[in-house]
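Asker: Mind having a look at this structure? Questions to follow.
The values are calculated or read from the model by the stated rules, or taken from the named source; none is laboratory data. Remember, it's a predicted structure, so these values are computed and weren't measured experimentally. FYI the Cβ positions are ideal-geometry reconstructions off the backbone, even for glycines, and counts take in every protein chain you see. Protein only, heavy atoms only, side chains kept; ligands, DNA and RNA dropped before computing areas. Shrake-Rupley method; radii C 1.70, N 1.55, O 1.52, S 1.80 Å.
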Amino acid sequence: DGIFKDTDGAVYYMNEKDLVKNMLETSFQHTHNISMTFVDNYINSILSYKLQNIASDQIDVSVRMLYPEKLNIDYGDMGVLLGNLIDNAVEACEYVKTEKPYIHIKGYENALKWYLEIENSKSPHQPLKNSINHGRGIRNVEQVLQKYHAELRIKKSETKYKTEVVFMIGMPRE
């Protein structure tokens, strides 16, 4: 019993993992004023790659990422997770016109759990997407979460969207 519902979804997921592995080999020269605190070089590479094209004068970004070594998550899977969630946050910020949009990314450990939180501003008037690829990213996120028995929590209001992913530290993966 696989976690993929269709062949296209499986291929898309594998292509994203390959893309992330290639990203990790790419050097990054950060030229924006983005506040970042983290401890893991691979996570640093993923975050830097995903955030490098954000103009700091258009979106406020802050990252406080503490990543425990004993988390045992494949970096390709972490790239799929972070990449899709950050892409969604950036897209939501593009529709915010009334104030300077923001993205806050936090990773922290508490009581044998690791929390990944991404909070971003959003517009109450953001249009819904209706394309063939819409929703594939979140399906890939769900596949990663299932693999690691992680929990996804989503909170939203008219002007804010918060995604929280909770991993049990030391939990074996499927």
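Asker: Determine whether Ser27 is modelled with pLDDT under 75 and among the hydroxyl-bearing types (Ser, Thr, Tyr).
Answerer: Answer is yes for this residue.
Asker: Taking the stated definitions as given, is Ile105 hydrophobic (A, V, I, L, M, F, W, C) and either modelled with pLDDT of 90 or more or farther than 21 Å from Tyr161 by Cα (or both)?
Answerer: Yes; evaluated as a whole, the condition is true for this residue.
Asker: Can you confirm whether segment 101-111 contains a residue that is more than 20 Å from Asn53 (Cα to Cα), outside any strand (DSSP E or B) and over 11 Å from the mean Cα position of the chain (by Cα)?
Answerer: yes
Asker: Condition check: open to solvent by 80 Å² or more (accessible area, probe 1.4 Å), assigned to a loop (DSSP other than H, G, I, E, B) and modelled with pLDDT under 90. Does Ile54 satisfy that?
Answerer: Considered against the rule, which asks whether it is open to solvent by 80 Å² or more (accessible area, probe 1.4 Å), assigned to a loop (DSSP other than H, G, I, E, B) and modelled with pLDDT under 90, Ile54 comes out as no.
Yes or no, residue by residue, for (1) more than 19 Å from Glu164 (Cα to Cα); (2) in contact with a Cys (Cβ under 9 Å, 6 or more places away or on another chain); (3) surrounded by 17 or more Cβ atoms within 10 Å (Cβ to Cβ); (4) hydrophobic (A, V, I, L, M, F, W, C):
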site: Ile46; (1), (2), (3), (4): no, no, yes, yes
site: Glu69; (1), (2), (3), (4): yes, no, no, no
site: Val80; (1), (2), (3), (4): no, no, yes, yes
site: Glu91; (1), (2), (3), (4): no, no, no, no
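Asker: Still on this structure: Based on this model, can you work out whether Ile154 counts as among the aliphatic types (A, V, I, L, M), open to solvent by less than 60 Å² (accessible area, probe 1.4 Å) and in a strand (DSSP E or B)?
Answerer: Considered against the rule, which asks whether it is among the aliphatic types (A, V, I, L, M), open to solvent by less than 60 Å² (accessible area, probe 1.4 Å) and in a strand (DSSP E or B), Ile154 comes out as no.
Asker: Could you go through segment 117-139 and let me know if any residue there is open to solvent by 80 Å² or more (accessible area, probe 1.4 Å), among the hydrophobic types (A, V, I, L, M, F, W, C) and modelled with pLDDT under 90.
Answerer: yes
Asker: Within segment 78-95, is there a residue that is over 13 Å from the mean Cα position of the chain (by Cα), modelled with pLDDT under 85 and not in a helix (DSSP H, G or I)?
Answerer: The answer is no; no qualifying residue exists.
Asker: Next question. With the requirement that a residue be open to solvent by less than 30 Å² (accessible area, probe 1.4 Å) and either of a type in the set (A, V, I, L, M) or out of contact with any Asp or Glu (no Cβ under 9 Å at 6 or more places or on another chain) (or both), what does segment 94-108 give you?
Answerer: Correct list: Val96, Ile103, Ile105.
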